[in-house]
Amino acid sequence: MGVIEQILTKVGLKYEDLTTAERETLIQWTQVLQSNQLTIPNVKTFVHSLRDSVEQELANTNFNSKQDIFLKARLRNLMLIEAFLSSPEQAQQALDRAIAGLVSVKK
């Protein structure tokens, strides 16, 4: 994991500093990169696993309001990516809902 360790070092992290979910994600990324087969189904599976991880964090942990907002934002982004990968129609609907949510927050 030489390259990954270099990247983590640049951002001031060590592999040991990562959460279990982050480690699993990193291992999945490494496996995908080593397989040299980046396909839409692989990306869909990967994004779905990231979404599951965020959902589990939201359901199983108590956070302060700032952390909660960040996790919900990550979840929303992953949902948009999943919708985009699933079909253009679903992506448009998800984007419309996200924009409607932003507009209602600003009012």
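The values are calculated or read from the model by the stated rules, or taken from the named source; none is laboratory data. All of these numbers come straight from a predicted model, not from anything done at the bench. Positions of Cβ are generated from backbone atoms using ideal geometry, with glycine treated the same way; all protein chains shown enter the neighbour counts.
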Hey, could you check the range 28-84 for residues that are small (Gly, Ala, Ser) and surrounded by 12 or more Cβ atoms within 10 Å (Cβ to Cβ) and say which is farthest from the chain's Cα centre (by Cα)? Ala83
Within the range 95-107, track down each residue that is at pLDDT below 80 and of a type in the set (Gly, Ala, Ser). Ala100, Gly101, Ser104
Return yes when Ser49 is among the hydroxyl-bearing types (Ser, Thr, Tyr), touching a helix residue (DSSP H, G or I) at 6+ places or on another chain (Cβ under 6 Å) and assigned to a helix (DSSP H, G or I) and no when it is not. no
Across the range 42-73, what is the number of residues that are without any contact (Cβ under 8 Å) to a residue 24 or more places away in the chain and within 24 Å of Ile4 (Cβ to Cβ)? 6
Residues of the range 1-40 being of a type in the set (D, E, K, R) and in a helix (DSSP H, G or I), in sequence order, are Glu5, Lys10, Glu16, Asp17, Glu22, Arg23, Glu24
Out of (1) over 16 Å from Glu82 (Cβ atoms); (2) in the same structural domain as Ser86 (by TED's automatic domain parsing), what's the single condition that is false for Ser49? (1)
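Okay, residues lined up against (1) at pLDDT below 85; (2) under 22 Å from Val32 (Cβ atoms); (3) not aliphatic (A, V, I, L, M):
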| site | (1), (2), (3) |
| --- | --- |
| Ser53 | no, yes, yes |
| Thr61 | yes, no, yes |
| Arg76 | no, no, yes |
| Ala83 | yes, yes, no |
